[in-house]
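To start, the structure under review is shown below, and the notes come after it.
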Amino acid sequence: MKLLFVLGILLLCITASANVIYKTVKEDGTVVYTDVPTNGATSVNLSAVNSAVIPTLGNSNQSAQTVQPINKPEKKIKYLVNILKPSAEQTIRNNAGEVSVKAQVTPKITGMFKLFLNNQFVSSNSNGAFTLENLNRGAHNIEVKFFNKSGKILASSEVQTFYLHKTSVLITPN
């Protein structure tokens, strides 16, 4: 029973001392907060610090007029450009050096497709269908970029390689 009484007194002392915080400002301007009183320390009242006062809204008609609706930011649409034709790593056999390129953007939107062949701008149009002419044989890289009406790039396709195969001029028919 004596042990419970001593523990109760000890708990009461700890609870009573925990409500007082002391603030000390050192010579170098450092501020120290502690629960142990020191020379030059001032007590800090925490009851006012930990409370919040919520102002009244007043007349409900006034609040309806002054409250502005929260504008949610528009969800940014991610556009994707795909090269449908020729497929990646495709070998195209055409002695005239002609290659058809077809691209599309999703989701559909009006704008301008621009075709780049071997990192050089070739042509632009609004439907994404292009015809390349007089290409040399070998590997070629194509990329299609899609621009909106103001000229901003909305999306770019991945750089895609295709191979143009022509009959060699060294082969002569018998």
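The values are calculated or read from the model by the stated rules, or taken from the named source; none is laboratory data. Just so we're clear, the structure is a prediction, and the values are computed from it rather than from any experiment. Positions of Cβ are backbone-derived with ideal geometry, glycine not excepted, and every protein chain shown enters the neighbour counts.
Scanning for something surrounded by fewer than 12 Cβ atoms within 10 Å (Cβ to Cβ) and either at pLDDT below 95 or among the charged types (D, E, K, R) (or both), does segment 142-149 turn up at least one residue?
Yes, some residue in segment 142-149 is surrounded by fewer than 12 Cβ atoms within 10 Å (Cβ to Cβ) and either at pLDDT below 95 or among the charged types (D, E, K, R) (or both).
Enumerate the strands (runs of 3 or more DSSP E) found wholly within segment 84-174, keeping only those where 2 or more residues are β-branched (Val, Ile, Thr).
Here the list reads 91-93, 99-106, 138-147.
Mind checking which residues of segment 109-133 are under 17 Å from residue 80 (Cβ atoms) and of a type in the set (D, E, K, R)?
114
Might you check whether a residue that is of a type outside the set (Asp, Glu) and within 15 Å of residue 80 (Cα to Cα) occurs anywhere in segment 134-141?
No.
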